[in-house]
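Input: a single structure, listed below in structure tokens.
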Amino acid sequence: MERSWQRWLIRFGIFVVMTIICLPGLWIVMTAFRDNVEVMARPPVWIPERWTLDNFRAILGMSENQQGIPVVRYFVNSLIISVTSTILALLIGMMGGYAFARYRFKGKNVAFLWLMLSRTVPGISLSLPVFMIWSRVGLIDTDFGVILVYLALNIPFTIWLIDGFFRQIPLSLSEAAQVDGCTRWQAFWKIEFPLAKSGIASAGIFAFLTSWNEFALASQLTRTTASKTLPVGLMDFTAQFTVDWTGMCAMAVIIIVPALLLTFIVQKHLIAGLTFGGVKG
Amino acid sequence: MAEVKLQKLVKKYGNVGVVHGIDLTIAHNEFVVLVGPSGCGKSTTLRMIAGLEDISGGTISIGDRVVNDLPPRSRNISMVFQNYALYPHMTVKENLGFSLKIAKQDEATIEKRVAEAAEILGLTPLLARTPGELSGGQRQRVAMGRAIVRHPDVFLFDEPLSNLDAKLRGQMRVEIKKLHQKVKTTIVYVTHDQVEAMTLADRIVIMKDGHIEQVGTPAEVFEQPKNTFVATFIGSPPMNLLDATTATEGGRKVAKLADGVTLALPAAAADKVSDGQAITVGFRAEAFSPVGYGLTGDSEVAAIERTVTLPEPLGTETLLYTELGGKEVQGKMLNPRPVQPGEQLTFNLDLSRLHVFDKASGKSVLV
């Protein structure tokens, strides 16, 4: 009897926690699909009475009563910046992680420690020096400038994560492949890389989400539609006296959906991992 | 012809020497086992032959090629690893065929050679499985199969059985022996288990601290150990070793043990020791048996009465612990009857099977 009583308590606890976590997200989604009138209503209207796509039409510039916001442009910027910085971070992370996991070299531990220490510095605290340097070399308001900053943000993490995955793969697998006729490079691509795939995928999704969602640094380094990303674009909805909540939430949904989709697609890799049956566990 | 020749082979990590200039020639088709306690350099030696470790000095040749600087893939060797090192993301079939695929053999050849190897090792029903779905013994067989499909010049085994339980280890030992009879290739096998070494090897190489202590057939290293290390390392239980001093009594060289027992030394040893020399006498448990329960022979024995401190029945024989020369020694009772601790028994010590070592150097005076 006591056990079922405990179980209910746990369930209730989970319910409370999940409510706290999910409610704001749910509120954003509901707000994106309702009228401005309903949003401003007091007492609040919890369940929208009328679902509408007007907010999306408005921000995409498809309605007549409001000027559109360059959402598509922001989306493209975000995509270019996130995808490029993720791919580069993965490439460098793979090389770095492999080197840290497999090779012995001078200063290895110190180098690794510094990489990790760089994670302890809040990125925003560097925004002023970065801004000054970027403005001197003309990287302000360019995709490349933002990509560079995101790379610096992501590389230590991808190296750390991928290093861990390569460490889990016994060295003897690569050695066996080399005895079997592979060059070190072939051994990497045919044996170690496929086995570390799930780790690399998770590193990729983390790097992508960091870049996709980052606001603080991007808001400093971007100015115009040339490089503004979606999160920075959200600021377009705040005017001096008003905030366009419905438009902002509609855009937030546009930001959330790709990230959510990607996470679902890669989820299999994140969870599954490979069963390391080839060596005695 | 795939003779493996190690000449003055040295391995150092920084300033720390691991292998100190060993010389060894392994004949074509010979099954050589490197055996020794952990840290003796046996695995390092094997990995140097494989090309997985750089060598710090000396030469390694396989056949008539010096392979010092060749990468593993160019040495035409194959290796079975302690943890099997099967590729977890490939099926058994893909694992077996991997090396051939890398060598760009055509599909038909791969198919044929994989089928052959699978047949030899009884893996045919398992070809579609992945390593994760196999038992320990099966994985071990796949690892061996992967080694034989290539028809290599040399097989290298790195403690391949140490991850298996005792029963399976016994079975796989037999399979490896059979495999060698079937495929007839030079094999270098590393183990720390002297039973494996004795049962598998044509020749055993006993290593310690980066040096070779003795090379010989199993019978040689068992019967004629060159020093006290080999004497205690090979054979189970290890050889009994007792400190003694030599003297001449009644015209014969004898060894005086710490507790006053004197043992006549075998004739072969007699003229190689001088009176008053500190020696170590050694004898195996089977040379020390209760009267009526030992090996029968007409060699000279010394009858010694002793109290059994602990009997250890093993079925077909019982190990008897007692004291001699102030140390605990083990005797062996063949076709045993039950023995109680504290029982007094008369033991026959077969004097013809005494080993005599110089105490200071530990070297046998006989070999």
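The values are calculated or read from the model by the stated rules, or taken from the named source; none is laboratory data. Model, not experiment: these values are computed from the prediction. All Cβ positions, even for glycine, are placed from backbone atoms using ideal geometry, and neighbour counts span all protein chains on display.
In table form, for the structure just shown:
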{"read-out": "Residues of the stretch A:1-53 satisfying the condition of being of a type in the set (Asp, Glu), within 27 Å of residue A:237 (Cα to Cα) and free of Cβ contacts under 8 Å to residues at least 40 places away in the same chain", "value": "A:38, A:49"}
{"read-out": "Residue in the stretch A:173-184 that is within 14 Å of chain B (Cβ to nearest Cβ) and on the phi > 0 side of the Ramachandran plot present", "value": "yes"}
{"read-out": "Members of the stretch B:35-88 that are among the hydroxyl-bearing types (Ser, Thr, Tyr) and in a strand (DSSP E or B)", "value": "B:59, B:61, B:78"}
{"read-out": "Filter result (touching a helix residue (DSSP H, G or I) at 6+ places or on another chain (Cβ under 7 Å), more than 25 Å from residue A:223 (Cβ to Cβ), surrounded by fewer than 18 Cβ atoms within 10 Å (Cβ to Cβ) and not hydrophobic (A, V, I, L, M, F, W, C)) within the stretch A:72-127", "value": "A:102, A:108, A:118, A:119"}
{"read-out": "Matching entry among B:162, B:135 (being of a type in the set (Gly, Ala, Ser), more than 9 Å from chain A (Cβ to nearest Cβ) and over 27 Å from residue B:30 (Cα atoms))", "value": "B:135"}
{"read-out": "Of all residues making up the stretch A:174-191, the number that are over 13 Å from residue B:72 (Cα atoms) and crowded, with 23+ Cβ neighbours inside 10 Å", "value": "1"}
{"read-out": "Subset of the stretch B:258-273 [surrounded by 13 or more Cβ atoms within 10 Å (Cβ to Cβ) and farther than 13 Å from residue B:356 by Cβ]", "value": "B:258, B:261, B:262"}
{"read-out": "Pair list, Cβ < 6 Å and 6+ apart or interchain, from the stretch B:255-280 residues that are within 15 Å of residue B:300 (Cβ to Cβ) and at pLDDT below 90 to residues that are surrounded by 13 or more Cβ atoms within 10 Å (Cβ to Cβ) and among the charged types (D, E, K, R)", "value": "B:270/B:253"}
{"read-out": "Conditions (1) hydrophobic (A, V, I, L, M, F, W, C); (2) at pLDDT 90 or above; (3) under 30 Å from residue A:222 (Cα atoms); number of the one not met by residue A:58", "value": "(2)"}
{"read-out": "Qualifying positions in the stretch B:72-114 - of a type outside the set (A, V, I, L, M) and facing chain A (nearest Cβ under 7 Å)", "value": "B:72, B:73, B:78, B:81, B:83, B:84, B:87, B:88, B:89, B:98, B:99"}
{"read-out": "Residue match in the stretch B:99-114 (condition: of a type outside the set (Gly, Ala, Ser), under 22 Å from residue A:195 (Cα atoms) and in contact with a Leu (Cβ under 7 Å, 6 or more places away or on another chain))", "value": "no"}
{"read-out": "In the stretch A:234-258, the residues that are hydrophobic (A, V, I, L, M, F, W, C) and buried (at least 16 other Cβ atoms within 10 Å of the Cβ)", "value": "A:234, A:237, A:245, A:248, A:249, A:250, A:251, A:252, A:253, A:254, A:255, A:256"}
{"read-out": "Residues being away from chain A (no Cβ under 13 Å) and hydrophobic (A, V, I, L, M, F, W, C) - total across the stretch B:138-156", "value": "0"}
{"read-out": "Any hit, the stretch B:286-301, residues being at pLDDT below 90 and assigned to a strand (DSSP E or B)", "value": "yes"}
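Condition check ((1) over 15 Å from the mean Cα position of the chain (by Cα); (2) surrounded by fewer than 24 Cβ atoms within 10 Å (Cβ to Cβ); (3) closer than 22 Å to residue B:100 by Cα) across all residues:
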site	(1), (2), (3)
B:147	yes, no, yes
B:170	no, yes, no
B:180	yes, yes, yes
B:185	yes, yes, yes
B:209	yes, yes, no
B:231	no, no, no
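Rundown of residues vs (1) in contact with a helix residue (DSSP H, G or I) (Cβ under 9 Å, 6 or more places away or on another chain); (2) in a helix (DSSP H, G or I); (3) closer than 19 Å to residue B:27 by Cβ, yes/no style:
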position: B:177; (1), (2), (3): yes, yes, yes
position: B:230; (1), (2), (3): yes, yes, no
position: B:243; (1), (2), (3): no, no, no
position: B:256; (1), (2), (3): no, no, no
position: B:263; (1), (2), (3): yes, no, no
